[in-house]
1. Could you count how many residues in region 1-52 are at pLDDT 90 or above, part of a loop (DSSP other than H, G, I, E, B) and not small (Gly, Ala, Ser)?
2. Could you list all residues from region 104-119 that are touching a residue at least 24 places away in the same chain (Cβ under 8 Å) and out of contact with any strand residue (DSSP E or B) (no Cβ under 6 Å at 6 or more places or on another chain)?
3. Looking at region 105-126 only, could you name the residues that are part of a helix (DSSP H, G or I) and surrounded by fewer than 17 Cβ atoms within 10 Å (Cβ to Cβ)?
4. If we keep just the residues of region 56-100 that are of a type in the set (Phe, Trp, Tyr) and touching a helix residue (DSSP H, G or I) at 6+ places or on another chain (Cβ under 9 Å), which is modelled with the lowest pLDDT?
Amino acid sequence: MKMFFFIITSCLLLLITSSFSSCETGHLDDRLTTINNSQHSIFSIIQFNFPDTALLGNGGCIGCFVEIAPNASEYHLNGVNWERDIKRRNKLNTLTVFIVHSDTLRKYPFEQLQADYNILRRYDLTVDQLKSMDWKVRYP
């Protein structure tokens with residue numbers, strides 16, 4: 001639970017800090033959206049370490065952990081530009097999106113979630129795939 005709050009706090013601090021830094025585009029890129037079509041809350045976790053499929057504690061982006069209510073959607077923020085950031089951070093131009101049940105993330109330490117790989121779904125999406133999906137990741 002401490003790790004969960006540390007991660008959320010870190011992401012919020014990064015968001016606040018980046019809002020004062022000079023973004024290349026002058027605004028945050030909020031195109032990447034996860035749509036939750038399930039009946040329970042989920043977390044959408046963004047990572048750039050593909051082809052490694054390990055679930056890391058820090059996704060390395062502003063909106064790396066986003067909670068999404070049932071039948072709702074939320075966007076992930078990026079301080080630069082999603083295309084450039086994915087290409088800069090991943091030679092295969094692929095972003096990984098992990099979907100985790102919010103109860104699981106609240107009930108177990110993040111280390112246990114990592115060890116058990118207790119995720120609902122993993123999407124490995126190239127920039128071209130994301131563009132063709134209009135930057136919308138739908139679960140399930």
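1. Looking only at region 1-52, we keep the residues that are at pLDDT 90 or above, and these are 29-52.
Narrowing the set further to residues that are part of a loop (DSSP other than H, G, I, E, B) leaves 30-32, 37-41, 48-52.
Now restrict to residues that are not small (Gly, Ala, Ser): 30-32, 37, 39-40, 48-52.
So the answer is 11.
2. Within region 104-119, Arg106, Pro109, Phe110, Glu111, Leu113, Gln114, Tyr117 qualify.
3. Listed by number, the residues that qualify are Arg106, Lys107, Glu111, Gln112, Gln114, Ala115, Asp116.
4. Keep residues of region 56-100 that are of a type in the set (Phe, Trp, Tyr), which gives 65, 75, 82, 98.
Adding the requirement that they be touching a helix residue (DSSP H, G or I) at 6+ places or on another chain (Cβ under 9 Å) leaves 65, 82.
Working: Phe65: 88, Trp82: 94.
Ranking the candidates gives Phe65 first.
The values are calculated or read from the model by the stated rules, or taken from the named source; none is laboratory data. Everything numeric in this text was worked out from a predicted model, so none of it was measured. With ideal geometry, Cβ positions are generated from the backbone for all residues, glycine too; neighbour counts draw on all protein chains shown.
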